[in-house]
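K.L.:
Provided herewith is a single structure, encoded as structure tokens, for subsequent inquiry.
The values are calculated or read from the model by the stated rules, or taken from the named source; none is laboratory data. Only a predicted model underlies this, so the values are computations on that prediction, with no experimental measurement involved. All Cβ positions, glycine included, derive from the backbone under ideal geometry; neighbour counts span all protein chains shown.
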Amino acid sequence: MARRTGKHTILLDTMPVVLSWAAVGGKLEGEGPLGGQFDEINEDSYYGEKTWEKAESAMQKQALTLALKKAGLKGEDLQFIFAGDLLNQSLSATFAHRDWGVPFVGLYGACSTMSESLALAALFVEAGYARLCAAATSSHFCTAERQFRFPLEYGGQRTPVPYGNQRTPTAQWTATASGAAVLGAQGRGPRVKAVTLGAIVDMGTTDANNMGAAMAPSAADTLKKFLEDTGTTTADYDMIVTGDLGQVGSALLGELLAKDGISLESRHNDCGLLLYDREKQTQVESGGSGCGCSASVLCSYLLPALQNKEVKDILFMATGALMSTTSSQQGESIPGVCHLVHLTGGA
């Protein structure tokens, strides 16, 4: 059974297994460094649908469908689906999973949603509440722009057909991508060893074009708590992967931790920097973001690395900026949150 260690961390004694996973992405993601490791790349931003919102739902459903197929399972085999996205009322996840007939737990952790869903799915399996659970999330560049910033029709973004550019160097590119994983009580594969669910940290950042600065303090806070609770150091882990701090937030994270005597050395990377090549894909500015960024990096790169025994232990730390268009327009600061999942290689 799960047990607490320290003030913030839960150790999972049975270590639920990540049985299968899948990553789906768009054209830009397919052109990035991890493009060849995605299960499916669709260059049509509409994904065969009539709207971008429907496209995102189709993407998330396809990711879970592929993950289930890899495990030889069907949707009805699941006991719970934990899923979310960036949109109001988590509509992408809602419509993606409405036909499964499976209990649905809709989540909103902004870009931290994949680690949140993964953590909760693992905890449910560990506690014996379910034998099989799914964790999934997605984002879409066009749906995020429509909701949070400037609809593409306004011509305010740098797109494959340049309409001009109002993006700042600190801005990040919302990934058109989805990731899904199936967790079980038994089987072979990477395992979830521990979970630290993060607290909200708000340092007063108000710049909606600098998500990295808003989220980095929460990443530092969660990592420090986990290390204190477990009595470990960063040297005990092969990879410490945040998402999605981008270039600006990653640099800030290193500075914040250094003040507390914690060195990331070469073990740290960020999903927002892994998904794209910033030198060639210059439109991403500081790197990638969006729920689908960390989800797709997890399912295209990190879990396979554990499965193939390229690494043994990964701290997966997706970060989220808990803002809305309303809060930003009212001059509110941007709270951040970071949830940590300790993944270890399976037998």
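K.L.:
Considering only residues that are under 16 Å from Ser250 (Cβ atoms), part of a strand (DSSP E or B) and β-branched (Val, Ile, Thr), which ones fall in region 290-324?
P.N.:
Listed by number, the list holds a single entry, Thr319.
Residues are listed down the side, and each one gets a yes or a no for (1) touching a helix residue (DSSP H, G or I) at 6+ places or on another chain (Cβ under 8 Å); (2) of a type outside the set (A, V, I, L, M):
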| position | (1), (2) |
| --- | --- |
| Asn308 | no, yes |
| Asp313 | yes, yes |
| Ala318 | yes, no |
| Glu332 | no, yes |
| Gly336 | yes, yes |
| Val341 | yes, no |
| Gly345 | yes, yes |
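K.L.:
Here is a further query. Could you tell me whether any residue of region 12-28 is within 27 Å of Gln307 (Cα to Cα), in a helix (DSSP H, G or I) and either under 18 Å from the mean Cα position of the chain (by Cα) or of a type outside the set (Ser, Thr, Tyr) (or both)? Give the steps one after another, and end with the answer.
P.N.:
Taking region 12-28 and keeping what is within 27 Å of Gln307 (Cα to Cα), we get 12-28.
Still in the list and also in a helix (DSSP H, G or I): 27-28.
With the extra rule that they be either under 18 Å from the mean Cα position of the chain (by Cα) or of a type outside the set (Ser, Thr, Tyr) (or both), the set shrinks to 27-28.
Yes, region 12-28 has at least one match.
K.L.:
Turning to a different aspect of this structure: Find all pairs meeting these conditions: Cβ atoms under 6 angstrom apart; at least six residues apart or on different chains; first residue within region 98-120 and of a type in the set (Val, Ile, Thr); second residue in a helix (DSSP H, G or I).
P.N.:
Thr113/Cys291
K.L.:
Where residues in region 29-42 are assigned to a loop (DSSP other than H, G, I, E, B) and not acidic (Asp, Glu), which of them is nearest to Val182 (Cα to Cα)? It would help to see each step written out before you state the result.
P.N.:
Residues of region 29-42 that are assigned to a loop (DSSP other than H, G, I, E, B), as a first pass: 31-34, 38-39, 42.
Those still in the list that are not acidic (Asp, Glu) too: 32-34, 38, 42.
Numbers: Gly32: 25, Pro33: 25, Leu34: 21, Phe38: 17, Asn42: 22 Å.
If we take residues in region 29-42 being assigned to a loop (DSSP other than H, G, I, E, B) and not acidic (Asp, Glu), then Phe38 is nearest to Val182 (Cα to Cα).
K.L.:
What number of residues in region 1-58 are in contact with a strand residue (DSSP E or B) (Cβ under 6 Å, 6 or more places away or on another chain), touching a residue at least 60 places away in the same chain (Cβ under 8 Å) and of a type in the set (Lys, Arg)?
P.N.:
0
K.L.:
A follow-up question, please. If I filter region 219-237 for residues that are without any contact (Cβ under 8 Å) to a residue 12 or more places away in the chain, farther than 28 Å from Pro304 by Cβ and in the same structural domain as Ser328 (by TED's automatic domain parsing), do I get at least one hit?
P.N.:
yes
K.L.:
For Ser218, indicate whether it is under 23 Å from Gln329 (Cβ atoms), buried (at least 24 other Cβ atoms within 10 Å of the Cβ) and small (Gly, Ala, Ser).
P.N.:
Judged against the criteria, Ser218 is a match.
Per-residue answers, yes or no, for (1) within 18 Å of the chain's Cα centre (by Cα); (2) buried (at least 22 other Cβ atoms within 10 Å of the Cβ):
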position	(1), (2)
Gln247	yes, no
Gly254	no, no
Ile262	no, no
Asp270	yes, yes
Ser286	yes, yes
Val297	yes, yes
Thr326	no, no
Gly331	no, no
Gly336	yes, yes
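K.L.:
Contact list please: Cβ distance under 6 Å, first residue in region 263-292 and not assigned by TED's automatic domain parsing to the domain that holds Gly84 and aliphatic (A, V, I, L, M), second residue crowded, with 23+ Cβ neighbours inside 10 Å and assigned to a helix (DSSP H, G or I), pairs at least six apart or on different chains.
P.N.:
Correct list of pairs: Leu274/Val297; Leu275/Cys293; Leu275/Val297.
K.L.:
Shifting gears a bit: Would you be able to tell me the number of residues in region 278-326 that are more than 27 Å from Lys193 (Cβ to Cβ), touching a strand residue (DSSP E or B) at 6+ places or on another chain (Cβ under 9 Å) and among the charged types (D, E, K, R)?
P.N.:
Final tally of qualifying residues: 2.
K.L.:
Next question. Are any of the residues in region 75-87 buried (at least 24 other Cβ atoms within 10 Å of the Cβ), in a helix (DSSP H, G or I) and either small (Gly, Ala, Ser) or not assigned by TED's automatic domain parsing to the domain that holds Leu274 (or both)?
P.N.:
Within region 75-87, not a single residue is buried (at least 24 other Cβ atoms within 10 Å of the Cβ), in a helix (DSSP H, G or I) and either small (Gly, Ala, Ser) or not assigned by TED's automatic domain parsing to the domain that holds Leu274 (or both).
K.L.:
Here is a follow-up. Could you list all residues from region 228-271 that are assigned to a helix (DSSP H, G or I), of a type in the set (Gly, Ala, Ser) and modelled with pLDDT under 95?
P.N.:
Listed by number, the residues that qualify are Gly246, Gly249, Ser250, Ala251.
K.L.:
Report yes if Ala214 is in a helix (DSSP H, G or I), within 13 Å of Ala171 (Cα to Cα) and touching a strand residue (DSSP E or B) at 6+ places or on another chain (Cβ under 6 Å), otherwise no.
P.N.:
Here the answer is yes, as Ala214 does meet what is asked.
K.L.:
Give region 91-123 a look and list any residue that's assigned to a helix (DSSP H, G or I), in contact with a Phe, Trp or Tyr (Cβ under 6 Å, 6 or more places away or on another chain) and surrounded by fewer than 24 Cβ atoms within 10 Å (Cβ to Cβ), or say none.
P.N.:
Within region 91-123, just Leu120 meets the criteria.
K.L.:
In this structure, is Thr232 polar (S, T, N, Q) and crowded, with 21+ Cβ neighbours inside 10 Å?
P.N.:
No.
K.L.:
Could you check how many residues of region 212-242 are among the aliphatic types (A, V, I, L, M) and either out of contact with any Gly (no Cβ under 7 Å at 6 or more places or on another chain) or farther than 17 Å from Ala318 by Cα (or both)?
P.N.:
8
K.L.:
Also, I was wondering about something else. For the subset of region 274-289 comprising residues that are assigned to a loop (DSSP other than H, G, I, E, B) and polar (S, T, N, Q), which member is modelled with the lowest pLDDT?
P.N.:
Ser286
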